[in-house]
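Heads up: the structure comes next, in structure tokens.
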Amino acid sequence: MNLRDLQYLVALAEHRHFGRAAEACFVSQPTLSTQIKKLEDELGVPLVERTPRKVLLTEVGRDIAVRARDVLNEIEQIRGVARRTLDPESGTVRLGVFPTLGPYLLPHALPLVRNAFPKLELLLVEDKTEALLRLLREGKLDAAILALPLHEDSLHTEFLFEEPFLLAVSHNHPLAQQQGQLKLSDLSSQNLLLLEEGHCMRDQALEVCHMAGIGERSGFRATSLETLRQMVAANVGITLLPSMAVKPPVAQVENLHLIEFKGHPPSRRVAMVWRKSSAMDVFLKRLAEIFRQLPPDLLDAHTAATQVPAENITSPTRKSARR
């Protein structure tokens, strides 16, 4: 048994097709098929059910494939230890980030990473939280930047920052004059536009909805924050947006009014996570520290809010004075 045979088995388990598995391993299909058969002969058990249309692993084949993936991950960890012993700041880090954060965080964070670790190759993967967690568990990612809370005992968590939300409405919406005075209770009669299932931003917004008794706008679910912004600007409804998603270099949208909440706003907490068993633990902690060095203004909801002339802002004091 050798590592290459284990790689072939893992590829077959992932692709369920000899041709695609062979392409992923950069070998011919007959070569991969022959090596899988040799592995079966060596172990004395069938690993694969060969059917005309697809490949199925036997129960023992699936079990061995899972263990083989763990072995290959450990081998990669050993190689990583060796590389970083020679040069701790070189090598490759495969980093995942979820799509409602990546486009807004990375333009600010990547220059900091480049300055701190000029030899580092950072490979970025953008996907939804569940997909990133699966890639972490399978060893296909070294770390990921995710929203808390996470319920993964196998992962180490380094808190990075808390990002406040703003309420996005159109300029003529009744709430547009509540700048800095907006409370969650003011939204109790509203319905929010939300993202589709699978986005952690949807879960965070639903948690806010639950606290404030807010409903979800039925019949509409967006695939991105940009879609939400455009729908609000088109007077379709209102939504919550994280502060980074409305800060430069993000382009402004006409007829989009951003309202800061009074007091402590609803927010999301973001962390970098990686496997507790990772050989890169020390370096990843240093990398997480770089992501903490974001410009303070980037997480300031006040500077992101639409500026309204003081005489136009509705407040309890002004209401009583008019009476």
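The values are calculated or read from the model by the stated rules, or taken from the named source; none is laboratory data. No experiment lies behind these values; they were computed from the predicted model shown. Note that we place each Cβ from the backbone using ideal geometry, even for glycine, and neighbour counts take in every protein chain shown.
Annotations
- Hits in segment 265-292 - residues which are assigned to a loop (DSSP other than H, G, I, E, B) and among the basic types (Lys, Arg): LYS276, ARG292
- Filtered by the rule that a residue be within 7 Å of ILE259 (Cβ to Cβ) and either assigned to a loop (DSSP other than H, G, I, E, B) or within 29 Å of the chain's Cα centre (by Cα) (or both), segment 165-191 gives LEU166, LEU167, VAL169, GLN178, GLN179, LEU182.
- Residue in segment 166-177 that is farthest from MET231 (Cα to Cα), counting only those that are crowded, with 23+ Cβ neighbours inside 10 Å and not small (Gly, Ala, Ser): LEU166
- Residue satisfying condition, being surrounded by 15 or more Cβ atoms within 10 Å (Cβ to Cβ) and more than 24 Å from THR129 (Cβ to Cβ), within set ALA271, ALA233: ALA233
- Search result, residues across segment 236-261 that are closer than 22 Å to LYS128 by Cα and part of a strand (DSSP E or B): THR239, LEU240, LEU241, PRO242
- Of all residue pairs spaced 6 or more apart or on separate chains, those with beta-carbon atoms under 8 Å, a first member in segment 263-286 that is touching a residue at least 12 places away in the same chain (Cβ under 8 Å) and a second member that is charged (D, E, K, R) and in a loop (DSSP other than H, G, I, E, B) are GLY263/LYS183; VAL273/GLU152; TRP274/ASP142; SER278/ASP142; MET280/ASP142; PHE283/GLU89; LEU284/ASP142.
- Any hit, segment 16-36, residues being among the hydrophobic types (A, V, I, L, M, F, W, C), within 17 Å of ASP70 (Cβ to Cβ) and buried (at least 16 other Cβ atoms within 10 Å of the Cβ): no
- Qualifying position, being at pLDDT 85 or above, within 24 Å of the chain's Cα centre (by Cα) and exposed (fewer than 15 other Cβ atoms within 10 Å of the Cβ), among GLU197, GLU152, GLU158, GLU162: GLU162
- Test for GLU260: is it among the acidic types (Asp, Glu), more than 30 Å from ILE78 (Cα to Cα) and surrounded by 14 or more Cβ atoms within 10 Å (Cβ to Cβ): yes
- Residue selected from segment 207-229 under the condition loosely packed, with under 15 Cβ neighbours inside 10 Å and more than 17 Å from the chain's Cα centre (by Cα), by the criterion farthest from THR129 (Cα to Cα): GLY213
- You will find that of LYS183, LYS247, the residue that is modelled with pLDDT of 85 or more and surrounded by fewer than 17 Cβ atoms within 10 Å (Cβ to Cβ) is LYS183 and no other.
- Strands (runs of 3 or more DSSP E) (entirely within segment 41-114) containing at least 3 residues that are touching a Cys at 6+ places or on another chain (Cβ under 8 Å) and not assigned by TED's automatic domain parsing to the domain that holds VAL246: none
- Scanning segment 303-323 for residues that are touching a strand residue (DSSP E or B) at 6+ places or on another chain (Cβ under 9 Å) and either at pLDDT 90 or above or not in a helix (DSSP H, G or I) (or both) yields ALA305, THR306, VAL308.
- Test: residue in segment 71-81 that is aliphatic (A, V, I, L, M) and modelled with pLDDT of 95 or more: no
- Scanning segment 117-164 for residues that are assigned to a loop (DSSP other than H, G, I, E, B), among the acidic types (Asp, Glu) and touching a residue at least 12 places away in the same chain (Cβ under 8 Å) turns up ASP127, GLU138, ASP142, GLU152.
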